[in-house]
1. Within 10 Å of each Cβ in A:308-317, how many Cβ atoms from other chains are there, averaged over the peptide?
2. Give me the mean projected area, in nm² to one decimal, of the convex hull enclosing the Cα positions of chain B.
3. If I model a spin label as a point 7 Å beyond the Cα along the Cα-Cβ vector, how far apart are those points for A:Ala170 and B:Glu130 in nm?
4. In a shell of Cβ-Cβ distance under 11 Å around A:Ile159, excluding A:Ile159 itself, what net charge do Lys and Arg (+1) and Asp and Glu (-1) give?
5. Compute the Kirkwood hydrodynamic radius of the stretch A:273-408, taking the inverse of the mean of 1/r over all pairs of distinct Cα atoms, and give it in Å to one decimal.
6. Among B:46-58, A:301-313, what's the highest-first ranking by average C-beta atoms within 10 angstrom per residue?
7. Once the Cα atoms of helix A:367-386 and of chain A are each reduced to a long axis, what angle between those two axes, in degrees from 0 to 90 to the nearest 10, is obtained?
8. Expressed as a rounded percentage, what relative contact order does the stretch B:23-100 have, with Cα pairs under 8 Å and six or more residues apart?
Amino acid sequence: MNNDVRLPIYMDNSATTPCDPRVVEAMLPWFTQRPGNAASRSHVFGWDAEEAVNVARKQVADLIGASAKEILFLSGATESDNLAIKGAAHMYAKKGKHIISCPTEHKAVIDTCKRLETDGYEVTWLPVDGDGRISLSDLADAIRDDTILVTLMAANNEIGTLHDVAAIGALCHEKGVLFHCDATQAIGKIDIDVEAMQIDLLSMTAHKIYGPKGCGALYVRRRNPRVRLTPLIDGGGHERGMRSGTLNVPGIVGLGKACAILSDEMHRDVEHCRRLRDRLEVKLTAGLDHVSINGSVDHRLPNLLNISFAYVEGESLLMGIKDIAVSSGSACTSASLEPSYVLRALGLEDELAHSSIRFSLGRFNTEAEVDYTAEIVVAAVRRLREMSPLYEMVQEGVDLSKVQWQAH
Amino acid sequence: MAYSDKVIDHYNHPRNVGSLDKSSDNVGTGVVGAPECGDVMKLQIEVDPTTGTITDAKFKTYGCGSAIASSSLATEWVKGKTVDEALTITNKDIVEELSLPPVKIHCSVLAEDAIRSAIEDYKKKREATEQPQQAASE
Ligand SMILES: Cc1ncc(COP(=O)(O)O)c(C=O)c1O
């Protein structure tokens, strides 16, 4: 076994990433020597902070092909999704009250849309195929005269499936409907350009791209069309009135730095993650039978592997690989005690959802970590299958779908 | 979720994993739960028909660590007991022994069901074999 890996191993970069040390270094002075409030107009500390925020605004804008004035800072992707969707819904309520989304979105989008449903809006939930992708013709058919917003994510957080964002954006613009894209997982993993993709509103967060937690951004298009939002938070009129509250200057500097690093290094980062993810995938699929990859294999984030180990329950597998931090679609690991709603939306049987594990690679993972992880996972799955009555039945030739289970 | 030391111990060193010959008249087999619910337990007992004592027990479980621990503990507890004594084991005993949190109580319920179901299976088999014997001795 490898001696050159430090335990525990962090392989849950889709949940959050460690900060890049360069990001931390950029942030530090803004806690201490440079304490200004970016809204203070009367002294050098305030001007200093305002200048730092504007630099960060440019850094974020440059990464996604926007202009600095189109970037709003806020607390993260959850707030960004809320402001984009509720803000547009309220602003354009006179035009219509119809929104289009999809059941595999993050809860920050789903529950926001559901809230609007209780407030008299109507939401069409586009179905997804077995890969987790919507069909463009379904989307075209769903758009009506009273449709004001389409909200679809760029990359799914559980399975990494990519939607065809450029085609969705083109369709929305052709039909005169606003397009909000939750790009939280896609930023830094695939090229995102709000002009080429015709995105009107884009949500992102710092803590998935090696920046700090508690800071995110919303891109709001200013031309063709100019998008207006009704604010959710009233107060001192910060961020052009769209998001009041003293700016989190260290966080914003960190988000800006994280974006600047990506602008320089993203392609190297992506290749690193893809190489490690593919290596892990090959080792796991070669080492075990009855494994299946969830989501799309062809249209997928380069750093993510969601895989089901049939006949082994996910939480028990997590226990067996306790030195490796990953997540599972098993009901036992969720607060709701339901298996992953994303995997269910793909039509995956619950049994395979219970058996699913998400590995998400990042900038700081190493090949040695991947090799160690593959060895440990293969051994743990084998051990648990020796203990699994389902695996035994399958070996005996029993068709599990024909068994009369005594469920509770 | 944090597991109790006892759950971790049973998970790492499960007692009595395996299978007994389910076609034997002295073996009772219980299979409870369902794959779509995330747990299936198979518990088997071997009984000495002259004394009614459970001489061996084995399990296989698909489920979380607490489900594995509950069934492992169940096999430990039933061994050496008579069939009727084994029926007095309740899920509460298992919850206490393993310090299971409320969300894991269903694992203990499943283990109790597995014991009952295995005993029921054994009793059915005995009835089936004893009747022809009685018929022969008449
Ligand atoms: C797709 C997606 N949207 C939104 C969020 C929420 O982000 P935040 O934690 O910054 O609120 C996440 C992360 O959990 C995510 O993966």
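1. Working: counts 0, 0, 2, 3, 2, 11, 2, 7, 12, 2.
Across the residues of A:308-317, the mean count of other-chain Cβ atoms within 10 Å is 4.
2. Taking a quarter of the hull surface, the average projection is 8.5 nm².
3. Result: 7.8 nm between the two label points.
4. Around A:Ile159, the charge tally is +1.
5. On the way: mean 1/r = 0.0645 Å⁻¹.
Final number for the Kirkwood radius of the stretch A:273-408 is 15.5 Å.
6. Numbers: B:46-58: 16.9, A:301-313: 25.0.
Result, highest mean Cβ count within 10 Å first: A:301-313, B:46-58.
7. 50 degrees
8. Once divided by the residue count of the stretch B:23-100, the mean separation gives 23 percent.
FYI, it's all coordinate maths here, none of it is from the lab. Model, not experiment: these values are computed from the prediction. Ideal geometry is used to build each Cβ from the backbone, glycine not excepted, and the neighbour counts take in all protein chains shown.
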